[in-house]
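A.B. asks: Sharing a structure here in structure tokens format.
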Amino acid sequence: MSLTINTTINGKSVSGSAETSTSLLDFLRDTLEYKGTKLCCNTGECGACTIIYNGMPINSCVTMAADAIGAEITTIEGLADGDKLHPVQQAFIDTGAVQCGYCTPGYIISVKALLDRTTKPTAEDIEEAVSGNICRCTGYNKIVDAIHLAADRIAGRA
Amino acid sequence: MNYFEPKSVDEALSLLAKYGEEAKVIAGGTDVMVDIKYKEEPGCLVNIKKIPGLGAIQENGGNLRVGSLVTIREIETNSIVRERLPVFWEACHQFASLQIRNTATVGGNICRASPSGETLAPLLVLEAKGKLAFADGEKSEPFDSFFQGPGKTTLGYKGLLTEIEIPYPPNGSRGVYLKHAVRGAMDIAMVGVAVLVTPDAAKNSLQDVRIGLGAVAPTPIRATKTEAMLRGKPVDAALVKEAAAMAASESSPISDQRSSAENRRWIVEALTRRGLQQSWQAATGKEVA
Amino acid sequence: MAKAEFKIIGTSPARMGGVERVVGKGVYGIDLMLKDQLHGAILRSQYAHAKVVSIDTSEAKKIPGVHTVVTAADAPNVRFGRSYFDRHILARDKVRFMGDPVAAVAAESPAIAKQALKKIKVVYEPLPVAIDPEEATKPEAPTLHEDMPLPKSIPADAKLKNICGHAVAHVGDAEKAMAEADVVVEEVYETKMIHPQYLEPRIAAAQMEPNGRLTVWANAQAPFPVRQETAKTLGLSLNNVRVISAGLGGGFGGKGSGITSGAAIEPICGLLAIKAKRPVMIVLDKAEETISTTIRAGAKMYIKTGVKKDGTIVARTGKVFYDAGGYSGFGVQAGGRCTNMLGGWYLMPNCHIDGYTVYTNKQVCGPVRGPGGPQAAFAVESHMDSIAAKLGMDPVEFRLKNTPKPGDKIVGVPKLRDVSLGETIRIAKEKIGWGKVKLEKNQGVGIATGSWIESAGPGGGAIVKVNEDGSVTVHIGKIDMGTIPGFGIPMIVAEELGVPVEDVTVVNVDTDASPWDAGTVGSRGILVSGTASRLAAIDARNQIFKMAASQLEASPDDLEIVDKQIRVKGTPAKAVALATIATNAHNVIGEVIGRGYFDNVAAVAEEKQHGSSQPFTAHACIVEVNPDTGNVKILKYVAVHDIGQPIHKAAVEGQIEGAAAMSIGQALCEQVVFDTNGRTMNPSFVDYLMPTINMMPRIETTLVSGYPGAGPYGAKGAGEIACVPPMAAIANAIYNATGVRIKTLPLSPENVLRALKEAGKA
């Protein structure tokens, strides 16, 4: 069964159609062609598909496209301000936290959601925010560095 | 696949009555979406998130009422739950990942009835009840009769869980939820143990004790023989050791890709022992001698 | 070249391609969308070992929206592979593991393709299944490849079967020396199958062009071998196959199609596109990947060492059963490496190890990050601690006692030029606080060393084009998956041409335009493409100097390029813009095009003459073991590495941290689990467990210097070696904490708890 999905993505009203079985991730990537949010495990076990949905980071691969109706969604494409990168994006580049980059959009979204709440994240806060995001390249060290650097910059400490 | 967004419990129930086994209820979707992708698509999907009145957490005398659409994250960030029902809070805190907790509902976790479902052993130990709605009326059912097997509950194909009611534990009780898994994040419990102890006035013996075991039987279970053995007894290391061994023998785990049955029994023993020690210490200030 | 002379080498500029990745541009293979594309899907075997009696695709073909259904009958009867051509792209007579492709479909949508797969009727005649590599060599085991001969080095009376590779590490007279040893330790170690689990699923997309050529897009690490494999299996000439690379979301050797008889989805996709006469794209599901694509093999290793009372190693013997899986894949090479490395990288005067790469009915071995090395090191470095314990000797002192010196040889390396092993051990010892740190109950400290050779041959080229404005375009044959094209290569070219790093672009690999290369594998990126790019940049520079010399009235030898200006050394006022010369080139030589290549023959000869400088390493860690549950927590982790001259410092650290993390995963939580029928029981991320951030300690990396390698500016490959020590480092720390030696991976909570209980410690 086909549905019309009217939703708001990165502040813009968009419309598309999807099957009722379509996931929000597939709707974003295949129907709307927003390729930034990534497909990986497709079962909610890796965080590569993380988006902000009504203010919360969620796994779009295990969310219905139908749930986008009337929702406010932020994807990785919505973070930069024109050419100016969001501090989290810039920090990921600056610390070398981007190797292959496939986990990066999901991470940046999760980290943005964290730093929107607090710019003094403790180790527990960081673990809570991103233990649902797998990275296979970096071993996580430089990602932690990026989170701290972004927090410092947002808070004006760096 | 047909798709419906009922606007009331009655509407949902008539859809379930109409479609029976063909219908699948979906809330957060973190389980059902995976089924749709990797198993069969159901004939009809019933999205219950538009039904009002199922999303509240409210106190009701000596109970906490939690609507079935309340998300795990909403429970985790609720200070009443954290203060008054820490066993339940801990399970929600260790649940999957933040992304999943933001959309997964407590109703979904319960109705999925997976033997390893995170909230299930704690709800048994807290002697919580579910409010089940059927076409011919509502009833309240304690969770210890609700779970009938992996994926099977007394809801059958036609019922809807609308709310859970969790009584606050007796004064002086303390409890823990201990989860055994490999990573400490994003894990499905290999074994889950929930313990609640109520010391007697002298803080020497167990006036009451409840032990819930998850992932070691076809449903979450209470270790009732162990509880009976423990009740009224003065607490010491030997008793706790005996109880831990007995709890392990009450479990009937399987061997699967996550763990052998043997290992699960070892863990039941270890976590029951730890759970009793920690709960007793929290309740009485005393270390188990 | 002294470090002070470098402007860019050794720093950490922003990754080329970083901005696209942080803003979510669709740079990956999976982001491709071809116009009018059909969706391809592969039907895989339901049995781990069976004859294929018949395949009936008639029902599938009738489904509306299905454009083509193919089986082996639709492709040439050509086999492919690496050492043995033992595999068809679609099963012809037999299937040999449960992911073996049997048929494929191209349809209007993924849902229709899925439907069509269900309607393909395959009649199998199941055969007995071989799971364990040692058992599979015995006469009573089922035969997997009836027509593949045993390696010639195996005597007929050995009564072995299912062996596709036999390697021997032999030095001196091991039997005699062992008999004369004071102390002998004999053990068996076992590692399990690991999947590299790169996050981006594998894709292939293909379309027939109007002129009859086949264009293939692949997120593959080795586009040229993909071209070779696709052309060969589809019966096309190489000039009629074009492979275009997309950005890869990880690979780790698992996307090394063409290098191995791995997944071969590119030829299958090409076949579908040819038959359907429409573009086709295949996207694998991650669970499908785990059961069907190339893996890190498990190994069973028998190891026996004889030592003198004073700790001098005198002899080693051993046997390796290396699990190739259903086809030889990269198994022969990896098994050979494992066999050699089981001889260790310490002084080893006498050694005899037989290594067998064995066919089993499981996923195929690929060139996964340090193939053969981590397995061998788990055995060797755990075993070193066992020997030290038996001698009552400190494990660090035991290792230092047997550490080679410059000029010495080790198993597999006839001459060492310089040896950083001792220094890495000493630094690791100091940084972990060996003998000093206060350990609580259930805590322990462990150390393990490692070595790795940038895999042998082949070479590769580079083309450096200087554009009219002085910016630079570089063509190499290696792809970017977080590897040198985004990091070291632009830096090297910028260093040699005196231009800013941002002005250098390394383009995507396109087999029509890029120089041939074996691919991004084997830690050879900086060695091969780094050398080639440097030489190409120098070649371009020489052309530039020749043209500028007359204008500046100087000899070309007196010129330098600084900040995009060509100037006379010592007289900076005499200068001309690089852009001017590059533009003028149109009238003189057409264009400044520098060419360089890595001469593998010369490199091998050089090593033979002067010795090789291995990138040694030592890792150490402190762990805490939970005696109730077996959970192991890493409290502190240090990694000390000799990488020669790091080109991009943060990238080198990133490779070390990432590789160590991968092996920490292999140590603590990863394995592919099988039932007795050969079915993978944990294909998805739900139960194939990779480390999450909370498990990973800070990996404190130290780079030692002073041991230049064969790469540009003395660089050494960094992509794989940190995979080598972690499992043994953790196992040794667990032994130190509990007194229990665990010889089978993973060191999962269950396995640790079982070992503790069996030793009466829990």
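A.B. asks: Go through C:Asp310, C:Asp323 for me and flag whichever is of a type in the set (Asp, Glu) and surrounded by fewer than 24 Cβ atoms within 10 Å (Cβ to Cβ).
C.D. replies: Every option except C:Asp310 fails the conditions.
One line per residue, one yes/no per condition, for (1) within 14 Å of chain A (Cβ to nearest Cβ); (2) part of a strand (DSSP E or B); (3) polar (S, T, N, Q); (4) closer than 21 Å to B:Gly107 by Cα:
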position	(1), (2), (3), (4)
B:Glu141	no, yes, no, yes
B:Ser145	no, no, yes, yes
B:Tyr157	no, no, no, yes
B:Asn171	no, no, yes, no
B:Gly175	no, yes, no, no
B:Arg183	yes, no, no, no
B:Val193	no, yes, no, yes
B:Lys203	no, no, no, no
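A.B. asks: Scan (1) in a helix (DSSP H, G or I); (2) under 27 Å from C:Glu108 (Cβ atoms); (3) within 7 Å of chain C (Cβ to nearest Cβ) for the single condition A:Cys41 breaks and write down its number.
C.D. replies: (1)
A.B. asks: Here is a further query. Considering A:Ser21, A:Ser60, which residue is of a type in the set (Ser, Thr, Tyr), within 11 Å of chain C (Cβ to nearest Cβ) and surrounded by 17 or more Cβ atoms within 10 Å (Cβ to Cβ)?
C.D. replies: Only one candidate passes the filter, namely A:Ser21.
A.B. asks: Could you please give the count of residues in the stretch A:1-17 that are more than 13 Å from A:Glu77 (Cβ to Cβ) and either aromatic (Phe, Trp, Tyr) or more than 11 Å from every other protein chain (Cβ to nearest Cβ) (or both)?
C.D. replies: Looking only at that region, the number is 9.
A.B. asks: Can you find, within the stretch B:250-279, the residue that is nearest to C:Asp628 (Cα to Cα) among those that are within 11 Å of another protein chain (Cβ to nearest Cβ) and among the acidic types (Asp, Glu)?
C.D. replies: B:Glu269
A.B. asks: Right, here's the next one. From (1) surrounded by fewer than 19 Cβ atoms within 10 Å (Cβ to Cβ); (2) under 18 Å from B:Thr162 (Cβ atoms); (3) within 14 Å of chain A (Cβ to nearest Cβ), pick out the condition that doesn't hold for B:Thr77.
C.D. replies: (2)
A.B. asks: So, in the stretch A:116-158, exactly how many residues are of a type in the set (Ser, Thr, Tyr) and closer than 29 Å to C:Met481 by Cβ?
C.D. replies: Qualifying residue count for the region: 3.
A.B. asks: Among the listed residues B:Ser252, B:Ser259, identify the single one that is outside any helix (DSSP H, G or I), out of contact with any His (no Cβ under 8 Å at 6 or more places or on another chain) and either among the basic types (Lys, Arg) or surrounded by fewer than 18 Cβ atoms within 10 Å (Cβ to Cβ) (or both).
C.D. replies: Testing whether each residue is outside any helix (DSSP H, G or I), out of contact with any His (no Cβ under 8 Å at 6 or more places or on another chain) and either among the basic types (Lys, Arg) or surrounded by fewer than 18 Cβ atoms within 10 Å (Cβ to Cβ) (or both) leaves just B:Ser252.
A.B. asks: Here's another thing I want to ask about it. Given the residues C:Glu720, C:Glu657, which is the only one that is charged (D, E, K, R), within 26 Å of C:Lys192 (Cβ to Cβ), away from chain A (no Cβ under 12 Å) and in contact (Cβ under 8 Å) with a residue 12 or more places away in the chain?
C.D. replies: Values: C:Glu657 fails: away from chain A (no Cβ under 12 Å).
Being charged (D, E, K, R), within 26 Å of C:Lys192 (Cβ to Cβ), away from chain A (no Cβ under 12 Å) and in contact (Cβ under 8 Å) with a residue 12 or more places away in the chain holds for just one of C:Glu720, C:Glu657, which is C:Glu720.
A.B. asks: Name every residue in the stretch C:305-349 that is in contact with a Pro (Cβ under 6 Å, 6 or more places away or on another chain) and small (Gly, Ala, Ser), in order of residue number.
C.D. replies: Scanning the stretch C:305-349 gives a single hit, C:Ala334.
A.B. asks: Still on this model: Being more than 19 Å from C:Leu248 (Cα to Cα) and more than 14 Å from chain B (Cβ to nearest Cβ): is that true of A:Asp116 here?
C.D. replies: No.
A.B. asks: When you scan the stretch C:378-398, do you find a residue that is touching a Lys or Arg at 6+ places or on another chain (Cβ under 8 Å), within 29 Å of C:Ile89 (Cβ to Cβ) and at pLDDT 95 or above, even just one?
C.D. replies: No, the stretch C:378-398 contains no residue that is touching a Lys or Arg at 6+ places or on another chain (Cβ under 8 Å), within 29 Å of C:Ile89 (Cβ to Cβ) and at pLDDT 95 or above.
A.B. asks: Take the residues in the stretch A:131-158 that are assigned to a helix (DSSP H, G or I), surrounded by fewer than 24 Cβ atoms within 10 Å (Cβ to Cβ) and out of contact with any Asp or Glu (no Cβ under 8 Å at 6 or more places or on another chain), then tell me which one is farthest from the other protein chains (Cβ to nearest Cβ).
C.D. replies: A:Asp152
A.B. asks: Next question, about the same structure. Checking the conditions here, which among B:Phe88, B:Phe95 is of a type in the set (Phe, Trp, Tyr) and part of a helix (DSSP H, G or I)? Show your work before the answer.
C.D. replies: Working: B:Phe95 fails: part of a helix (DSSP H, G or I).
So the residue among B:Phe88, B:Phe95 that is of a type in the set (Phe, Trp, Tyr) and part of a helix (DSSP H, G or I) is B:Phe88.
A.B. asks: Checking the condition assigned to a strand (DSSP E or B), of a type outside the set (S, T, N, Q) and out of contact with any Cys (no Cβ under 6 Å at 6 or more places or on another chain), which residue from C:Ala315, C:Ala287 passes?
C.D. replies: Every option except C:Ala315 fails the conditions.
A.B. asks: Residue under question is C:Asn694, and the condition is that it be of a type in the set (S, T, N, Q), over 23 Å from the mean Cα position of the chain (by Cα) and either within 14 Å of another protein chain (Cβ to nearest Cβ) or outside any helix (DSSP H, G or I) (or both); does it hold?
C.D. replies: yes
A.B. asks: Still on this structure: Tell me the residue from B:Ala135, B:Ala113 that is away from chain A (no Cβ under 14 Å), out of contact with any strand residue (DSSP E or B) (no Cβ under 9 Å at 6 or more places or on another chain) and among the hydrophobic types (A, V, I, L, M, F, W, C), please.
C.D. replies: B:Ala135
A.B. asks: Based on this model, can you work out whether C:Asn751 counts as touching a residue at least 60 places away in the same chain (Cβ under 8 Å) and part of a loop (DSSP other than H, G, I, E, B)?
C.D. replies: So C:Asn751 does not fit the description; no.
A.B. asks: Next question. Out of all the residues in the stretch A:91-118, which are buried (at least 24 other Cβ atoms within 10 Å of the Cβ), under 12 Å from the mean Cα position of the chain (by Cα) and without any contact (Cβ under 8 Å) to a residue 40 or more places away in the chain?
C.D. replies: Once the filter is applied, which keeps residues that are buried (at least 24 other Cβ atoms within 10 Å of the Cβ), under 12 Å from the mean Cα position of the chain (by Cα) and without any contact (Cβ under 8 Å) to a residue 40 or more places away in the chain, the stretch A:91-118 yields A:Thr104, A:Ile108, A:Val111.
A.B. asks: If you don't mind, there's one more thing I want to ask. Could you please find all residues in the stretch A:44-57 being in a loop (DSSP other than H, G, I, E, B) and either surrounded by fewer than 24 Cβ atoms within 10 Å (Cβ to Cβ) or of a type outside the set (Gly, Ala, Ser) (or both)?
C.D. replies: A:Glu45, A:Cys46, A:Cys49, A:Asn54, A:Gly55
A.B. asks: Being out of contact with any Gly (no Cβ under 6 Å at 6 or more places or on another chain), part of a strand (DSSP E or B) and not acidic (Asp, Glu) is the filter here; which residues of the stretch C:630-645 pass it?
C.D. replies: Those that are out of contact with any Gly (no Cβ under 6 Å at 6 or more places or on another chain), part of a strand (DSSP E or B) and not acidic (Asp, Glu): C:Val632, C:Lys633, C:Ile634, C:Leu635, C:Lys636, C:Tyr637, C:Val638, C:Ala639, C:Val640, C:His641.
A.B. asks: Select from the stretch A:63-89 the residues that are in a strand (DSSP E or B) and closer than 28 Å to C:Ser684 by Cβ and write down the one among them that is nearest to the other protein chains (Cβ to nearest Cβ).
C.D. replies: A:Met64
A.B. asks: Now for a different question. Search the stretch B:262-289 for residues being of a type in the set (A, V, I, L, M, F, W, C) and more than 26 Å from B:Pro170 (Cα to Cα), and hand back the single one that is surrounded by the fewest Cβ atoms within 10 Å (Cβ to Cβ).
C.D. replies: Taking the stretch B:262-289 first, the residues of a type in the set (A, V, I, L, M, F, W, C) are B:266-268, B:270-271, B:276, B:280, B:282-283, B:288-289.
Applying the additional criterion that residues be more than 26 Å from B:Pro170 (Cα to Cα) yields B:266-267.
Numbers: B:Trp266: 25, B:Ile267: 30.
Going through the qualifying residues, I end up with B:Trp266.
A.B. asks: Also, quick follow-up: Considering only strands (runs of 3 or more DSSP E) fully contained in the stretch C:1-90, which possess at least 3 residues that are over 30 Å from C:Gly711 (Cβ atoms) and of a type in the set (Val, Ile, Thr)?
C.D. replies: Values: elements: C:38-44, C:50-56, C:66-70, C:85-87.
By residue number, C:50-56, C:66-70.
A.B. asks: Going residue by residue through the stretch B:23-43, is there one that turns out to be at positive phi, among the small types (Gly, Ala, Ser) and in a loop (DSSP other than H, G, I, E, B)?
C.D. replies: For the stretch B:23-43, residues at positive phi, among the small types (Gly, Ala, Ser) and in a loop (DSSP other than H, G, I, E, B): present.
A.B. asks: Considering each of C:Pro349, C:Pro367 in turn, give the residue that is surrounded by fewer than 24 Cβ atoms within 10 Å (Cβ to Cβ) and part of a loop (DSSP other than H, G, I, E, B).
C.D. replies: C:Pro349
The values are calculated or read from the model by the stated rules, or taken from the named source; none is laboratory data. What you see is a predicted model, and the numbers here were worked out from it, not measured in a lab. A quick note on method: Cβ atoms are made from the backbone with ideal geometry, for glycine too, and the neighbour counts reach across all protein chains shown.
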